[in-house]
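Asks: Got a structure for you, written out below as structure tokens; questions coming shortly.
No lab work stands behind these numbers, since they all come straight from the coordinates. Computed from a predicted model, the values in this text were never measured in an experiment. Ideal geometry is used to build each Cβ from the backbone, glycine not excepted, and the neighbour counts take in all protein chains shown.
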Amino acid sequence: MATDIPPHNLREVASACIHLLDEPAAGVRELCAHVPGPDFPTEAEIITPRDELVHIYETGSGSVRMRARWEREQGDVVITALPYQVSGARVMEQIAAQMQAKKLPWVEDLRDESDHENPTRLVIVPRSNRVDVERMMLHCVQRPSSSAPIASTSTSSASTASRRCATCAPCSASGWNSAPRPSGAGWSTASAR
């Protein structure tokens, strides 16, 4: 038997334990009022819907999807947080491979400015200020060969596969699948088995 239990906030877990001592018949949904979800050590966003998180806690299996955070800074795109267990060096390597393969024509430069004060700071410089940053980031966070996200810690989640930008030529030419991702960043899945 294998298990991958995601980390949780100790105060939230203690609060749920106290509630369970006070109300021994409390159900999972009541306890989820105290523990809203996993607490990963990175600042990446958990994008799994609340009902799905409750279902994961009820059944003991499922996937928690995450995405990186990015922001615009003086015309550049700065990735400030990556999903749990996603290597910034690996993401940079895969974006650079897309640039060399001419699958990412909107990017002029790519830099890793991470340091002790900013543990994650990946800078992507668009070719011009007219570049559609949302579309560019969609391409930056996907693997063209497998349709799985670059930033993934597990391949067990079928719902994170089969995504692409259906409107542009590089996506159509590379054979990516057809549902656009929400704006804002790279994705990851963490499984609970």
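Asks: Please compute the contact order of segment 1-147 in relative form: average sequence separation of alpha-carbon pairs under 8 Å and at least six residues apart, divided by the residue count, as a percent. Numbers along the way, then the final one.
Replies: Numbers: 175 pairs, mean separation 24.7, N = 147.
Computed over segment 1-147, the figure is 17 percent.
Asks: A follow-up question, please. PRE reach from Glu43 (point 7 Å along Cα→Cβ): which of segment 64-80 fall under 13 Å by backbone N?
Replies: 68-72, 78-80, by backbone N distance to the label point.
Asks: Taking the simple approach of a point 7 Å from Cα along Cα-to-Cβ for both Lys103 and Ala14, what is their distance in nm?
Replies: The two pseudo-label positions are separated by 4.8 nm.
Asks: In a Debye calculation with equal point scatterers on the alpha-carbon sites of segment 35-140 and no solvent, what is log10 I(q)/I(0) at q = 0.15, 0.22 Å⁻¹?
Replies: -0.70, -1.14
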